[in-house]
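Below is one structure, written out as structure tokens; comments come after it.
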Amino acid sequence: MAKGSVRKKGKKWYGRFYIEDESGRKVQKEFAGTESKAETEAMLRKAIADYEEKQFVGKAENITVGDMLDMWVEEELKPGNLSNGTVMSYQGTVNRIKQYPIGKRKLKTVTADHLQAFIDFLSYGGTNPDGTTSKPMSKGYMLLFSAVLQNSFRFAVFPKKLITFNPMQYVKLRGRKQETDIFSDSKEDTASIPTITHEQFQKLEEFLKAKDNPALLPVQIAYYTGLRIGEVCGLTWQDINLEEQYLTVRRSMRYNGTRHTTEVGTTKRSKVRTVDFCDTLAAILRAARTEQRKNRFRYGELYHLNYYKEVKEKGRTYYEVYSLQRTEEVPEDYKEISFVCLRADGAYEAPSTVGIMCRAAKKKVKGLEDFHFHTLRHTYTSNLLSGGAKPKDVQELLGHSDVSTTMNIYAHSTREAKRTSARLLDKVVGGE
């Protein structure tokens, strides 16, 4: 077994041990530890164990962290358990990491301290190199950044053998401590999940109807089904059963910023689910289908039909979405698809344009200052839970991975829900 030792330089401890290079010669490998001797000794034992298991010397040379991340995207993000949406999120995160100083650092010089400082900067916020202020990232984004760094540094160890051990294994996600003013007059110490009342929803409908805006139907579907914005835009008429009043969520529409194309792919959890809907939405959908048939005649040859094209690229399959006027020649590899959410001229309604209209509503409609499309999903869930729906049923309707996600995010999201829950005790003790 390789032998090692630690020594102190200035305030920091360093670990070192001997390894064999490719010619069989013994060479010293040294790495930076921490200001704690015990922690550095633990890191040394781990580094030696990693070397004994892998038996190779890192070949990072002049490769930067950014170069390594690009290699990881190119070679590792292949078909498997990751959906195209997750791959897009990872690619976007890689591009953001490369904009920070850590992205330009030589891979062979990166230590756990460098990575911990970067993660802490993201978590707590601070001053960017250009002097601008960076706000703390949300927990969701922090988990995304951590996943990318963990997986890419593991990839750099094996199979690439660029470095001998993964420094990210010593990095911790340290959440921001929430401070509470115990002498404050405020009655709530946490912000509730944003929802809207039915009256506010009706104002939103009126606003969109007045503008004759195609975002109206996606908003209505989301309010009555809790679907995500991409899931709504990805619905086809074949997914909807108006007689039995249920719809099947099979796909999601999104814009791929890396490939600069609008695509349909799997849902967030890559699972197909069924969602029942009420009479009100059934009437809305019937009216929408009738209006779309009328528009075909009104626009004539100028009416658009929608298509998807299967593209295989770098071992992954994408389904690109296109709209063509009826007079345009349709390529042989295009397949027609009948989206539910359309503009008046028949072209598909994309999540990005729906999002733009939601931001406009925030500014124009009183009471919707905090509104965004996902608020409709919050509202749907809150309405179900406060109406007595079983959490397990709500979880399945929403497509959450487990019921704890549903309850952790949404349970008792309104003041009225809290009151109702608290008063259940009256029934137990015999109160009125």
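Just so it is clear, none of the values below were taken in a lab; they were calculated from the coordinates. Predicted model only: the values in this text are computed from it and were never measured. FYI the Cβ positions are ideal-geometry reconstructions off the backbone, even for glycines, and counts take in every protein chain you see.
Here are the numbers:
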{"read-out": "Summed residue charge, Cβ within 11 Å of residue 220's Cβ, Lys/Arg positive, Asp/Glu negative", "value": "0"}
{"read-out": "Nitroxide proxy distance, nm - points 7 Å out along Cα→Cβ at residue 106 and residue 332", "value": "5.5"}
{"read-out": "Dipole magnitude of segment 183-329, debye to nearest 20 (Cβ charges: Lys/Arg +1, Asp/Glu -1, about Cα centre)", "value": "600"}
{"read-out": "Environment charge at residue 92 (Cβ cut-off 14 Å; Lys +1, Arg +1, Asp -1, Glu -1)", "value": "+3"}
{"read-out": "Peptides ranked, highest mean first, by Cβ atoms within 10 Å: ranges 214-221, 128-135, 95-102", "value": "214-221, 95-102, 128-135"}
{"read-out": "Solvent-free Debye scattering, log10 I(q)/I(0), computed from the Cα coordinates of segment 83-153 at q = 0.19, 0.21, 0.22 Å⁻¹", "value": "-0.82, -0.99, -1.09"}
{"read-out": "Cα centroid separation - segment 262-311 against segment 89-117, whole Å", "value": "42"}
{"read-out": "Debye, to nearest 20: dipole size of segment 209-261, +1 on Lys, Arg Cβ, -1 on Asp, Glu Cβ", "value": "360"}
